[in-house]
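The values are calculated or read from the model by the stated rules, or taken from the named source; none is laboratory data. Remember, predicted model here, so these are calculated numbers, not experimental data. Methodologically, a virtual Cβ is constructed for each residue, glycine included, from the backbone with ideal geometry; neighbour enumeration extends over all protein chains shown. The accessibility values were calculated without ligands, DNA or RNA, using every heavy atom of the protein model including side chains. Shrake-Rupley method; radii C 1.70, N 1.55, O 1.52, S 1.80 Å.
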Amino acid sequence: MLNPQSYLRLFLLFGLLFWQSCSAQTQLVEDQIATVTRENLRYYLYYPSEYDTQQDREFGLLLFLHGGGESGGNLEEIKENGPPKLLVEGKQFPFLVLAPQNPHKRRWWNTQAVKQLLDSVVAQNRIDPDKVYISGLSRGGSAAWEMATQYPDTFAAMAVICGMAPLPYAHWIRKDMPIWVFHGDRDKVISVEESDKMVAKLKQMKYNVKYTRYKDVGHDSWTRAYTTDSLYIWLNNQKRTQ
């Protein structure tokens, strides 16, 4: 009969053999795969009245990203808010307006697909690449912040209405791009603190940022923001520096 010390040695030996057996089966494999992401983006494109009569002129363009409520398959819904709504009501803009629709009700904007659409529209029309602007509300405002970080050399100016604004984005936005932020102080969907903190951070870093903080306004701060005529004058006066 084995003594206790012998049992202990056998236990340790079997344990070591078991560990070595398991280790021998562990592998670290290096590989790669080429992925392809496709998105079907429907959109409206507005041309100012002068576009056809002034054939030798390049125009600015405003990329507008709607909120979550207008996402899905019915393109007509994006006319409910923002610049598309104003266009339906007869407002004229001095620049083109590109308004795509997020086809997914429950997903964030595919900003890579939006950038591809934007590049295509700019290439196929008489658009000054130094006068491309971006604006968005709510979920579209969040996407506008994202696009400003992912494509910092694309936009001449940005206007964001009640969007989520992760603070690290402040370090990635092009410093000479003017920014105008709007938010209601009673927003229960996306807290006004999102914009408060981002604007404070941008000002601390010496960015050119304006902030309109509406008193006693909830999530729908876009109605007031997008009916502010000075917003469009401000946008049209911006030009990207090389």
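Comparing R106, R139, R174 in a Gaussian network model of the chain where C-alpha atoms under 10 Å apart are linked, the largest mean-square fluctuation is found at R106. Out of (i) 1.09; (ii) 1.47; (iii) 1.02, which label holds the value of Cα Rg over 2.2 N^0.38 Å that was computed here? Among (i) 1.09; (ii) 1.47; (iii) 1.02, the one calculated here is (ii).
When you count the other C-beta atoms within 10 angstrom of each residue and take the mean per peptide, 163-173, 223-233 line up highest first as 163-173, 223-233.
With respect to the chain, whose longest principal axis is taken over its alpha-carbon atoms, helix 192-204 is tilted by about 90°. Excluding ligands, DNA and RNA, the accessible surface per residue across the range 135-242 is 45 Å² with a 1.4 Å probe. Ligands, DNA and RNA left out, the 1.4 Å accessible surface of the chain is 52% carbon and sulfur atoms. For K206, the lysines whose Cα comes closer than 18 Å to its Cα, not counting residues fewer than 8 places off in the same chain, are K175, K197.
Each eigenvalue of the Cα gyration tensor of the range 170-242, multiplied by 5 and square-rooted, gives one semi-axis; in descending order these are 22, 17, 8 Å. Convex hull volume of the Cα atoms of the range 46-89, normalised per residue: 86 Å³.
Of all beta bridges that DSSP places with both ends in the chain, some 15 percent have antiparallel geometry. Take the Cα radius of gyration of the range 52-162 and divide it by 2.2 N^0.38 Å, N being the number of residues; the result is 1.03.
In this Cβ point-charge picture (+1 for Lys and Arg, -1 for Asp and Glu), the chain has a dipole of about 620 debye about its Cα centre. Between the helical axis of 111-124 and the longest alpha-carbon principal axis of the chain there is an angle of about 40 degrees. When the helices of the chain are scored as -39500 (n - 2.57) per DSSP H run of n ≥ 4 and the total is divided over every residue, the value at 222 nm lands at -10500 deg cm²/dmol. Per residue, the Cα convex hull of the range 91-227 amounts to 114 Å³.
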